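All remarks here apply to the structure that follows.
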Amino acid sequence: MILDEICAHKRTEVETSKKSVPLSALKQRIAEISPARDFRAALRTPGISLIAEVKKASPSKGVLRAISILWTWADSTNGQGPAQSPF
């Protein structure tokens, strides 16, 4: 089945990633990440609220947009960044 192939590929990817980045480096990155904003509060803020899923690539179509476009959008949020859903 295709799902078994996807899972096998992902397991290989994860193992390769584990070897290329030490756990201590990952923990340091996590410590430096800004906390996510509250999703519900973000939607209740006056003005325009937007819910979007930004995808870099599609399994069937490949790369949809260059990743730099995502950073341009993120920079335009005036440092507020995305809110995270509690779900």
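Structure values in brief
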quantity	calculated
Count - residues of the stretch 20-53 that are of a type in the set (Ser, Thr, Tyr) and within 16 Å of the chain's Cα centre (by Cα)	1
Hits in the stretch 16-26 (condition: surrounded by fewer than 10 Cβ atoms within 10 Å (Cβ to Cβ) and either at pLDDT below 85 or basic (Lys, Arg) (or both))	19
Subset of the stretch 18-68 that is part of a helix (DSSP H, G or I) and touching a Pro at 6+ places or on another chain (Cβ under 9 Å) - its residue that is farthest from residue 2 (Cα to Cα)	42
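The values are calculated or read from the model by the stated rules, or taken from the named source; none is laboratory data. Remember, predicted model here, so these are calculated numbers, not experimental data. Cβ atoms come from the backbone with ideal geometry, glycine included; neighbour counts cover every protein chain shown.
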